Amino acid sequence: QVQFVESGGGLVQPGGSLRLSCAHSGSIFSIYAMGWYRQAPGKQRDLVALITRNGNTNYADSVKGRFTISRGNAKNTVYLQMNSLKPEDTAVYYCNVEAEDYSGDNVDYWGQGTQVTVSS
């Protein structure tokens, strides 16, 4: 019963910037990490960046040095600052929460996705 609100996607020219935001509501027993994944047309969904509850971060090689993931002051928020955008960054970006449920099983919760299009 977890819901997400994602925002910040849109159309931007190559070299431009966007900031994605995600906030979730609903009860989650224990969060391990929050992150962003993306899926381009005809491609599989891949990890872009994640941040653990301890503040450790992990990035895909293709976005290192350009993207920055961060947490909001509230525990239910996560951001993705995207700079120096390239056409190959075009994809639907999905907010993700990795957690342990009340039964002790690992579970992933997903937002509905927000479209990012990089084109001149």
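The values are calculated or read from the model by the stated rules, or taken from the named source; none is laboratory data. Quantities reported herein were computed from a predicted structural model and do not represent experimental measurements. All Cβ positions, glycine included, derive from the backbone under ideal geometry; neighbour counts span all protein chains shown. What goes into the accessible areas is simple: the full protein's heavy atoms, side chains included, and nothing from ligands, DNA or RNA. Shrake-Rupley method; radii C 1.70, N 1.55, O 1.52, S 1.80 Å.
Here's the list of lysines a cross-link from Lys75 could span, going by alpha-carbon distance under 27 Å and ignoring same-chain residues fewer than 8 apart: Lys64. Counting heavy atoms of the protein chains alone, Lys86 has an accessible area of about 80 Å² for a 1.4 Å probe. Of interest is the spacing of the C-alpha centroids, which for the range 72-120 and the range 24-62 amounts to 6 Å. If the Kirkwood radius is taken over C-alpha pairs of the range 1-85, then at 37 °C and 0.692 mPa s the Stokes-Einstein diffusion coefficient equals 238 µm²/s.
If you take the beta carbon distance between Tyr32 and Ser103 as r and set R0 to 25 Å, what does 1/(1 + (r/R0)^6) give as a FRET efficiency, to the nearest 0.05?
0.95
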